[in-house]
Amino acid sequence: MKGVAVVPQGLEEEGAKELKELGAISALPKRRTVLFETDMGGFYRFHLQARLPFRLLREMASFQCFDRQSLYAGVQDALDWDAWLNPSMTFRVDITGINSGLRHSHFTALEVKNALVDFQRQRWGARSDINLKQPDICLHLHLHGDRAVLSLDGSSSSLHRRGHRAAMGMAPLKENVALGLLRLSGWKPSKSLIDPFCGSGTLLIEAASLAMGLAPGLERSFLLDRWADFDLGLWKKEQDFARRLQKKDIKLPPIIGCEEDSKISTYARYNVESAGLTNVIQIKNSHFRDLVIPDGPGLIICNPPYGKRLGIEDDLLDLYEELGCFLKKNASGWELWLLSGNPKLTRSLKMKSTKRIPISNGGLDCRWLKYQIN
């Protein structure tokens, strides 16, 4: 089958690599998406184990579409709706893209809905209800030129939500973005990991979960089991496979987070506990200057304030300068990876980056910067 993984901007290459690691037949990175081919087992596996996608869409039909009439007819002919959507089921329609005849997503979604409920009324004399939050089936229509692609979304909500981060700070990093940054850093579980601005703990939780092989989709529900061709035996097989990959007894080096705000450090501890990682991650309620850097090789990883959402830029210049001095004095030989949304601030580190990777973080144009600490 063909499908599309929706991924964070700047992490498309990593998204393609991840899907290939999980068995994709092909994975082609595009802007904010990865086009992939796989079998049903692979599609189930991606939902259970993939950490980078926001959404995983299964392509079901493609048809010529340039106006309201062709959209209506194309949707009605796209699937065996007798099997896929009976009136007892609820549904939702998501739209991306436009063309010359269909320029408003709300109108396009309404026309898809009309095509389906008109079909149902004619067939059964009854129709499905719309449910935007918890539908039984989620349809995704993408318009490009004179073509429309109708897909099924395997989840009613974004896959970046792991289910354990109930408490957040003011500018939280999305879980899949955090995981992508970790992949780009090349961090291995043999190295200590420190986040001197850990916030609600997202980077550290993603790192520990990755190291322990904790599949992000094992504890969540999907829409897959309501599909007409759902294979329960294959789904259980993939669930069992994901469970066997877990390494809960693995011995990890120190993974430490530092958060000066007592309220936010409490959030971080709560999230760590919710993720089942209390014995793996240490959260310290202190300034980074009070950190004791462990012996051996390690990696400093952080998403400090940029002065755009939190704090005032001029007040942060001293903070960045102090961070640079602290690391040069106490973490020589370590690597620093820092997410920067403000080059003026990172210049205050008085360190020279050796790698700069463009990343979009919540709509902000950022750089993922690598420094060798000497």
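Side notes on the structure shown:
- Cα-based shape type of segment 2-153, given that a ≥ b ≥ c are square roots of the gyration tensor eigenvalues and the cut on a/c is 1.5: prolate
- Net charge of Cβ neighbours under 10 Å - reference Arg55; Lys, Arg +1; Asp, Glu -1: -2
- Formal net charge of residues neighbouring Gly154 (Cβ-Cβ distance under 9 Å; K, R +1; D, E -1): +1
- Check: the chain dipole with +1 on Lys, Arg Cβ and -1 on Asp, Glu Cβ, in debye: 660
- Long-range lysine pairs (8 or more apart or interchain), segment 2-153, Cα under 29 Å: 10
- With the helix formula -39500 (n - 2.57) applied to DSSP H stretches of n ≥ 4, the chain reaches a computed 222 nm mean residue ellipticity of -10000 deg cm²/dmol.
- Dipole axis of segment 2-153 (+1 Lys, Arg; -1 Asp, Glu on Cβ), positive-most option in Ile130, Gly3, Gln49: Ile130
- Alpha carbon centroid spacing (whole Å) that separates segment 55-74 from segment 1-44: 21
- Antiparallel beta bridges, as assigned by DSSP with both residues in the chain, represent about 65 percent of the total such bridges.
- Among Thr96, Trp235, Ile283 the positive-end extreme of the charge dipole of the chain (Cβ point charges): Ile283
- Potential extension, Met40-Gln69 segment - 0.36 nm per residue separation minus Cα distance: 7.2 nm
- Compactness of the chain, taken as the C-alpha radius of gyration over 2.2 N^0.38 Å, stands at 1.11.
- Extension gain for Ser190 to Lys30 (0.36 nm times residue separation, less C-alpha to C-alpha distance): 54.3 nm.
- Alpha carbon centroid spacing (whole Å) that separates segment 312-365 from segment 229-244: 43
- Highest-fluctuation residue, Gly154, Gly201, Gly233 considered, GNM on the chain with Cα pairs under 10 Å: Gly233
- In terms of packing, defined here as the mean over residues of other Cβ atoms within 10 angstrom, the peptides 47-53, 144-150, 120-126 line up highest first as 47-53, 144-150, 120-126.
- Estimated FRET transfer efficiency when R0 is 35 angstrom, pair Asp261-Leu132 (beta carbons, to 0.05): 0.50
- Positive-end residue of Leu338, Leu245, Ser157, charge dipole of the chain with Cβ unit charges: Leu338
- Net charge, Asp94 excluded, C-beta distance under 12 Å - Lys, Arg +1, Asp, Glu -1: +2
- Between amide H atoms placed 1.01 Å from N, distances below 5 Å from Val7 occur with Thr33, Val34, Phe54, all of them 5 or more places distant or on a separate chain.
Throughout, read-outs are computed from the coordinates displayed, never taken from laboratory work. Computed from a predicted structure; not experimentally measured. Note that each Cβ is placed from the backbone with ideal geometry, even for glycine, and that neighbours are counted across all protein chains shown.
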